[in-house]
1. For Asp160, project a label point 7 Å along Cα to C-beta. Then give me every residue of the stretch 206-241 with its amide nitrogen under 19 Å of that point.
2. In whole Å, how far is the Cα centre of the stretch 256-286 from that of the stretch 163-232?
3. Just add up the charged neighbours of Gly59: K/R +1, D/E -1, any other residue whose Cβ is under 12 Å from the Cβ of Gly59.
4. Multiply the residue gap between Asp33 and Asp13 by 0.36 nm, knock off their C-alpha separation, and tell me the result in nm, one decimal place.
5. Specify whether the C-alpha gyration tensor of the stretch 59-174 places it in the rounded, prolate or oblate class, a ≥ b ≥ c being the square roots of the eigenvalues: rounded for a/c under 1.5, otherwise prolate if a/b is larger than b/c and oblate if not.
6. For the chain, what does -39500 (n - 2.57) per DSSP helix run (n ≥ 4), summed and divided by total residues, give at 222 nm, in deg cm²/dmol to the nearest 500?
7. Once you have the Cα-Cα distance between Arg87 and Cys141, take 0.36 nm times their residue separation minus that, and quote the gain in nm to one decimal.
8. For the chain, which span is the longest to avoid every loop-located (per DSSP) member of GluC sites (Glu not before Pro) having at most 11 other Cβ atoms inside 10 Å?
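The values are calculated or read from the model by the stated rules, or taken from the named source; none is laboratory data. Because the structure is a prediction, the values reported are computed rather than measured. Please note: Cβ atoms are built from the backbone with ideal geometry, for glycine as well, and neighbour counts cover all protein chains shown. We work out accessible area using only protein heavy atoms, side chains counted, and drop any ligands, DNA or RNA first. Shrake-Rupley method; radii C 1.70, N 1.55, O 1.52, S 1.80 Å.
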Amino acid sequence: MPLEPFFCVPGLDRADHLRADPAAIAALRASVDALELAWDNGAPAIDEQGRLKWSKVVGEPILFLGLDGDAPRFSALPDGTAPVDARAHFQLLALLDADDAPTFAAALSLANWHRRHGHCSVCGHLTEPNRGGWSRMCPNCGAEHYPRSDPVVIMLAEHDGRLLLGRQPHYPERRYSALAGFLEPGESIEYAVARELKEEAGIDVHDVRYLCSQPWPFPSTLMIGAYATADDVRLTIAHDELDDARWFSREEVVAALANDPAAPFQAPPRSAIARTLLDRWVDGLM
Ligand SMILES: [Zn+2]
């Protein structure tokens, strides 16, 4: 069973040194090896094998995604008028080949960012793509805007060999997963983990440790996986955020990860970092 988070294999060489050089970008675009990402319904298109679809470059695609070896990879911006169907995009992860996941994440997050940031947040003027699509410039006030990732902490709390998992209202039936929440301005990862566990489950924790992270391009989140030790097992569940939260034994978690129909819950899918955290916990790697 893979223990690295989905999206975390090496992707394209992002070749940052080429982005600010319009002549170099134009030469790459004209290269016989250049390919352009295909889009379908606002997301990178995927073939029957789960690989991204590419075609010969036509026109002047704005996004320079990077280099595959020496071969340049570009993308146009998909049509920006239709509302983004994040749920449909999320379902693509069940099909997507892990080797293409980093490129899928970068292209989708970047395209969504361009879609939503057509105006300068300083002066309100229309902005223009810059640096091979990795920033936008305001021609009115000169501000340069960069794409952001929103940090979310996602954590396992353990007490005496059992793990705390919860159910959000929109989860599939029987699904339990790690608790999570947005990191707020002015917070450390450690503080956000402790605060979220207190808010959602009413527990105090100590020994908060960072484990691993994962980009989550719906639309542009960085999931920060952590682990904490709970002081006590008594829960006070915030029912405005969670349907339920429970402690599960190692045997119960092992059964869920093995898709055992007798398991007391259904584990999160392989594409979710929560799955990686559970895999590592049962393997004793935290
Ligand atoms: Zn401006």
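1. From the stretch 206-241, the list is 206-207, 228-237.
2. One Cα centre to the other: 16 Å.
3. 0
4. Value of the extension gain: 5.7 nm.
5. Values: a/c = 2.20, a/b = 1.68, b/c = 1.31.
It is prolate, given that a/c is not under 1.5 and a/b is the larger ratio.
6. Numbers: 7 runs with 65 residues, N = 286.
Helix-only estimate at 222 nm: -6500 deg cm²/dmol.
7. On the way: separation 54, 0.36 × 54 = 19.44 nm, distance 3.67 nm.
Here the answer is 15.8 nm.
8. Values: sites that count: Glu48, Glu173.
Counting at most 11 other Cβ atoms within 10 Å as exposed, the longest clean stretch of the chain is 49-172.
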